[in-house]
Amino acid sequence: MAYRVIQWATGGMGKNCLRAVIDHPAMEVAGVYVYGQGKVGQDAGDIARRPETGIHATNDIEEILSLDADVVIHAARISPPYGSHDADLIRLLASGKNVISINGFTHPAHWGGERLARLEAACQQGNSSLLGAGLNPGFVGEQLATVATGVCSAVDHVEIVESVSCVPVRNPDYVFKALGFGAKPSDADPNNPSWGPAASLNGMYEEVLAAMAAHLDMALEAVVTEHRAFPATQDLTVAAGLIPKDTIGHYRWRWRGIVGGKSRLTMTIHWFMETAHLDEDQPSLWTVRIEGQPGLVMRVELEKRAGDTSPTSAEQIAVAGTVINAIPHVCEAPAGVMLRPLATPFSDRL
Ligand SMILES: NC(=O)c1ccc[n+]([C@@H]2O[C@H](COP(=O)([O-])OP(=O)(O)OC[C@H]3O[C@@H](n4cnc5c(N)ncnc54)[C@H](OP(=O)(O)O)[C@@H]3O)[C@@H](O)[C@H]2O)c1
């Protein structure tokens with residue numbers, strides 16, 4: 001029996017998830033929600049560069065809620081503050097659909113209080129589950145680095161360093177508004193938690209550290225930020241437009257998880273438009289560094305299959321992979337918000 005899947009938002013990531021669903025023999029598209037008026041009515045296959053499916057995109061949430069589906073892949077753009085999409089997720093969950101988000105939700109129980117209560121109540125109402133997936137949030141911290149501690153008899157500190165060039169990212173709203181590139185240094189204060197990009201990202205990555213801490217039985221006391229913004233050393237022409245010299249061309253986001261008064265978990269993310277401020281010339285996508293006994297260093301790259309000349313990046317394909325592999329987990333889980341499992345591997349039987 002095929003999983004019936006709704007794709008929510010069809011930007012760079014959502015389109016790839018949709019394509020992965022269409023291509024998968026155990027999945028069928030049940031619906032597509034879009035924000036852009038221009039995509040309303042388009043066939044899912046046309047959006048995903050695939051043959052027609054007979055399923056047409058809508059921007060009517062009521063239509064989506066009325067569909068019979070197993071799971072919704074939620075790939076909307078982040079907007080401040082973290083949690084600003086909760087209202088949509090709650091309606092989807094309450095309507096009986098499991099939800100996979102690529103924008104956090106890897107350990108919603110971390111927040112407790114009203115927010116958790118609302119999400120949990122929606123899951124109970126709809127007998128549904130909420131699960132976070134994606135690469136980061138989703139994979140490198142909650143799964144890869146955490147599993148790697150399995151060789152250690154002592155763990156002092158786990159650090160993840162992600163380095164991603166944002167030059168190919170096309171959507172100007174995402175690049176300039178959501179991520180803050182091209183802002184004047186006087187307007188970009190990443191350590192101000194109410195500044196837009198920080199307000200979106202801080203909660204999301206705090207939850208990653210909280211998920212790691214939960215798996216490692218560490219009592220997370222606080223998450224502190226050490227973010228930095230670097231002005232561009234020259235005018236930069238990137239896929240989303242122009243980043244003038246002296247406006248922000250590189251963010252180094254850093255969250256430190258404090259356990260027992262010490263920094264024991266660190267997430268560092270370089271999102272950059274030029275390499276001038278990187279610590280290494282050619283950093284890996286991820287370096288995981290565990291200090292402990294023994295220590296461990298792992299460098300990870302993603303590569304497309306040889307001969308794949310599509311414009312899709314390995315990272316986009318991989319985000320969709322994490323989502324597809326998570327579908328059986330969210331569908332089989334008891335109702336409720338989920339801590340991202342330590343492993344959601346590929347299954348050759350799916
Ligand atoms: N977990 C991970 O590893 C991971 C990796 C990369 C990205 N992400 C997250 O995934 C999200 C989507 O990334 P992307 O590359 O697909 O971005 P994108 O290309 O900018 O697309 C985002 C899509 O969101 C929809 N949208 C438009 N206006 C919106 C609004 N006001 N509020 C919410 N959504 C709106 C649009 O969907 P339609 O075109 O269908 O109208 C748009 O195409 C980002 O927020 C990013 O943080 C997660």
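The values are calculated or read from the model by the stated rules, or taken from the named source; none is laboratory data. Keep in mind that this is a model prediction, so the values were computed, not measured. Positions of Cβ are backbone-derived with ideal geometry, glycine not excepted, and every protein chain shown enters the neighbour counts. Just so you know, the surface numbers come from the protein's heavy atoms only, side chains and all, with ligands and any DNA or RNA stripped out. Shrake-Rupley method; radii C 1.70, N 1.55, O 1.52, S 1.80 Å.
Just to be sure I understand, how many residues within the stretch 136-185 are of a type in the set (S, T, Y), surrounded by fewer than 20 Cβ atoms within 10 Å (Cβ to Cβ) and at pLDDT 95 or above?
The total comes to 3.
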Open item on the list: If a residue counts only when it is among the polar types (S, T, N, Q), which strands (runs of 3 or more DSSP E) contained entirely in the stretch 237-350 have at least 1 such residues?
Closed with: 262-272, 286-293
Task: Filter result (within 16 Å of the ligand (Cβ to nearest atom), out of contact with any Leu (no Cβ under 8 Å at 6 or more places or on another chain) and assigned to a loop (DSSP other than H, G, I, E, B)) within the stretch 76-117 - done: A76, R77, S79, P80, P81, G83, S84, H85, I102, N103, G104
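Of all residues in the stretch 126-145, which are assigned to a helix (DSSP H, G or I) and away from the ligand (no atom under 16 Å from the Cβ)? Walk me through how you get there before you give the answer.
From the stretch 126-145, those assigned to a helix (DSSP H, G or I) are 126, 140-145; that's our starting set.
Within the stretch 126-145, G126 is the sole residue that qualifies.
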Task: Scan of the stretch 52-69 for residues that are in contact (Cβ under 8 Å) with a residue 24 or more places away in the chain, part of a loop (DSSP other than H, G, I, E, B) and under 14 Å from L18 (Cβ atoms), ordered by number - done: T53, I55, A69
TODO: For C123, work out the one condition from (1) surrounded by 17 or more Cβ atoms within 10 Å (Cβ to Cβ); (2) not in a helix (DSSP H, G or I) it doesn't fulfil.
DONE: (2)
Task: Residue in the stretch 12-42 that is least open to solvent (accessible area, probe 1.4 Å), counting only those that are in a helix (DSSP H, G or I) and more than 12 Å from the ligand (Cβ to nearest atom) - done: V21
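Can you confirm whether E303 is charged (D, E, K, R) and free of Cβ contacts under 8 Å to residues at least 12 places away in the same chain?
Numbers: charged (D, E, K, R): yes; free of Cβ contacts under 8 Å to residues at least 12 places away in the same chain: yes.
Yes, satisfied.
Starting from residues that are part of a strand (DSSP E or B), hydrophobic (A, V, I, L, M, F, W, C) and within 16 Å of N59 (Cα to Cα), keep the ones in the stretch 1-11 and report whichever is nearest to the ligand (Cβ to nearest atom).
Filtering the stretch 1-11 down to residues part of a strand (DSSP E or B) leaves 3-8.
Still in the running and hydrophobic (A, V, I, L, M, F, W, C): 5-6, 8.
Remaining after also requiring within 16 Å of N59 (Cα to Cα): 6, 8.
On the way: I6: 12, W8: 8 Å.
Restricting to residues being part of a strand (DSSP E or B), hydrophobic (A, V, I, L, M, F, W, C) and within 16 Å of N59 (Cα to Cα), the top hit is W8.
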Task: First in the stretch 245-271 and open to solvent by 20 Å² or more (accessible area, probe 1.4 Å), second anywhere and hydrophobic (A, V, I, L, M, F, W, C) and part of a strand (DSSP E or B), Cβ under 6 Å, 6 or more apart - done: R256/V224; I258/A222; W271/V164
- [ ] Please work out if P193 is over 19 Å from W286 (Cα atoms), without any contact (Cβ under 8 Å) to a residue 40 or more places away in the chain and touching a helix residue (DSSP H, G or I) at 6+ places or on another chain (Cβ under 8 Å).
- [x] yes
